[in-house]
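The values are calculated or read from the model by the stated rules, or taken from the named source; none is laboratory data. All values reported here derive from a predicted model rather than from experimental measurement. Virtual Cβ from ideal backbone geometry, glycine too; neighbours counted across all protein chains shown. The accessibility values were calculated without ligands, DNA or RNA, using every heavy atom of the protein model including side chains. Shrake-Rupley method; radii C 1.70, N 1.55, O 1.52, S 1.80 Å.
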Amino acid sequence: MARIQLTDLEKQYDDVLAVKGIDLEAQDGEFLVLVGPSGCGKSTTLRMIAGLEDITSGTLRIDDEVVNDVPPKDRDIAMMFQNYALYPHMTAAENMKFGMKSVSDFSSDEIDQRVEEAAETLDIADLLDRKPKELSGGERQRVAIGRAIVREPEVFLLDEPLSNLDAKLRVQMRAELLRLHEELDSSTVYVTHDQTEAMTLGDRVAVLDAGELQQVAPPQELYDFPANRFVAEFIGEPAMNVFSVDIRERNGHYVADHAGFSISLPDGEGLDTASDSSVSMGVRPEDISLASNLPDDAETFAVETTVREPLGELLLLHCQLGDDEIHVKVEPRSEIQPGETIEVGFDEDRLHVFDARSGDALYHSTAPEPTKSEAVATE
Amino acid sequence: MATTTDTDSTPVDESRTISQRLPDNLGMHVGIILSVVAMAAPLLLAIVMSTQTTSEVYEVTNLGLGSQGLSNYQTVLSEYRFTTYLLNSFVMSIIIVVGKVGISLLAALALVYYELPYERAVFMFILLTLLLPVPVRIVPLFQLMADLGWTNTMLALTGPYIASATAVFLFRQHFMSIPSSLVETARMSGIGPATFLFKVLIPMSKGMIAGVCVITYIYSWNQFLWPLVAVNDKSSQVVQVGISYLQGSAQAGLTPWGLIMAGACIALLPPLIVLIVLHRPLLQTFAVQRK
């Protein structure tokens, strides 16, 4: 177990600032996920923690010790790569043992024993004598994990470890990684571009974009109270609907006006700011319901269905709302056809308002619990 | 053939069966056979001539095996010191192979895995040396060997060939194709450069190393001009120059082609054996092996 602290961490490549001052902390035994689109700096950040990239500025601490200039092997870290990085000419067991002598003072017997234990844990005991090319993708993955855990490192770093697996195996390995994390009780930093992976694995999830940290929060909080428009649209599938609205004060309450609707917003912080500037409103597809499923006094409006996508567990409708297209999730077996006009309304507890220019969240119709939030404002 | 345009179907069928019996690409097969014969002809002639007496060789139409059998070979090996030449050639080639591969591996390691100032320029400079092979540098090189007192020694035979831009280039390209995550994993496990070279890079480059060894071996075995210049003591000479000494044993104005061809055939054997044994990695090196 170890605590990892990143303070104002920056990485400059020749003329590109890849990581722009990240402040982040992973607690003892925490599973922290870094997620973001490609090129957002998540892998670079991970590689700086590993010691594979020099840190341009800022400090990196592991257990309160500054390790900026500590070589990778002395950081007590194990890293797993997307392509597993197994040595092709060595058997699984040799791969796991290779280098053990230089990072630890184990005797050969101890190393053998550890490899056996790790193989037992990962259910690869009978594969130890095979070379990587004789193993399937999932088995290679396990060997790579095995190589990481025999060292019993303080910190695990995983760089998109599931990307090379097929969808079914990915779900299976996801659960296995969680089980393993609990068993080993070490701190884990996990990089992925897949928001589903991030949500399902992370104790907390850090969203990065363009080298900047957007928000760090537990998955549900990230989903319910995105700190800005980027996080709102990145997390969740299909993405949150975001459209411009005007917010006006009427009789002491605030009303959101759009070409297609006009609804009153529950009172909350930030609405007075929002009423002065141009803003966007965000609603997740599942927070839009058919009028028939809403209470009688709910404010509803009409939209025209353009596309119908049956997803099995639900029906996704693309609808025209004024000039904007919105996605609406409805019951899977609804008989709604393209071209039909339907009456819908918002779940008024799940509305979000973002500043149109900066993208910062100005208002959530249900206030987040103040204790957990660790939102980071972007410039 | 199939020019019949009438309604009678039988000849059309026949012509079809004839053309079907012929291979699809007959012209190509004929071409291939001709070029194989053309390429093999000098070697076949040499083998034939190595069994003939000098006078038999001069009968141009006599293309059968000669009356000498293997006695030309015996003469060459026993009377003309070919065993010494062969041994010298062998030692020279082995030293060049080991030295060249060793130095090139280290150079490629440095070029690929270390951050060097002006790395690209250094690599370009190494490639530029391809423009100056030994024959171009032969005079200054001889002067250098003379100044160093290396003439007539194995050092003079091997030294100029140890550094090789081709081998550095091949190893560099191969190392660059090895995923960087392997190096990074090694770094994180605290594996030093020497361990990495011997335990990871060399085992992973076995095919490439074997391929470079084969070409280097054949290349050094076939050196003629430089050994001729650098060595004038017959006991230190190599086999390729040894063949030319056979010419000096001319009797009655007739070149002893039988002996020369026997010598040439003997000189041909060691690289041929290496080639046959190691042809697989050689083909892999140049990526022409069928998968």
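Brief remarks follow.
- Pairs exceeding a 30 Å alpha-carbon distance, out of B:Lys206/B:Lys234; A:Lys73/B:Lys100; A:Lys73/B:Lys206: B:Lys206/B:Lys234; A:Lys73/B:Lys100.
- Electrostatic tally near A:Leu362: other residues with Cβ closer than 13 Å to its Cβ, Lys and Arg +1, Asp and Glu -1, net -3.
- Helix-only CD estimate at 222 nm, as mean residue ellipticity for chain A, using -39500 (n - 2.57) per DSSP H run (n ≥ 4): -6500 deg cm²/dmol
- Dividing the summed helix terms, -39500 (n - 2.57) for each DSSP H run of n ≥ 4, by the number of residues in chain B produces a 222 nm estimate of -20500 deg cm²/dmol to the nearest 500.
- Each Lys and Arg contributes +1 and each Asp and Glu -1, all at the Cβ; summed about the Cα centre of chain A, the dipole is approximately 1280 debye.
- Protein accessible surface hidden between B and A, which excludes ligands and nucleic acids, total in Å², probe 1.4 Å: 1600
- Taking a ≥ b ≥ c as the square roots of the eigenvalues of the alpha carbon gyration tensor, segment A:119-182 is oblate, as a/c is not under 1.5 and a/b does not beat b/c.
- Within chain A, longest stretch clear of exposed trypsin sites (Lys or Arg not before Pro) (DSSP loop, no more than 11 other Cβ within 10 Å): A:1-332
- Integer Hz, Karplus 6.51/-1.76/1.60 couplings in order for segment A:273-281, x for Gly and Pro: 5, 4, 6, 8, 10, 7, 10, 10, 10
- Looking at segment B:40-142, the chymotrypsin sites (Phe, Trp or Tyr not before Pro) that sit in a DSSP loop and have at most 11 other Cβ atoms within 10 Å of their own Cβ are B:Tyr114, B:Tyr118.
- Length-normalised contact order for segment B:78-289 - Cα pairs under 8 Å, 6+ apart - percent: 33
- The residue list B:Leu278, B:Asn62, A:Pro332 was ranked by how far each Cα lies along the charge dipole of the protein assembly as shown toward its positive end, using unit charges on Cβ atoms, and B:Asn62 comes out on top.
- Net charge in the neighbourhood of A:Pro71 (other residues with Cβ under 12 Å of its Cβ; Lys, Arg +1, Asp, Glu -1) is -1.
- Among the GluC sites (Glu not before Pro) in segment A:226-330, those placed in a DSSP loop whose Cβ has at most 15 other Cβ atoms within 10 Å are A:Glu269, A:Glu299, A:Glu313.
- Taking a ≥ b ≥ c as the square roots of the eigenvalues of the Cα gyration tensor, chain B is classed as oblate, since a/c reaches at least 1.5 and a/b does not exceed b/c.
- Helix runs (DSSP H) in chain B reaching 20 Å along axis by Cα, Kyte-Doolittle at least -0.5: B:26-49, B:82-113, B:206-221, B:257-277
- Alpha-carbon centroids, segment A:213-230 and segment B:201-231: separation in whole Å: 62
- Centre separation in Å (Cα based) which lies between segment A:296-344 and segment B:42-104: 89
- On Cα atoms only, tilt of A:108-122 relative to the major axis of chain A in degrees: 30
- Whole-Hz ³J(HN,Hα) from phi, Karplus 6.51 cos²θ - 1.76 cosθ + 1.60, for segment A:44-55, glycine and proline x: 4, 4, 4, 5, 5, 5, 6, x, 7, 10, 5, 8
- For segment B:78-289, the share of accessible area belonging to carbon and sulfur comes to 70 percent (1.4 Å probe, ligands and nucleic acids excluded).
- Degrees separating the helix A:167-184 axis from the principal Cα axis of chain A, which is the longest one: 60
- On Cα atoms only, tilt of A:137-149 relative to the major axis of chain A in degrees: 70
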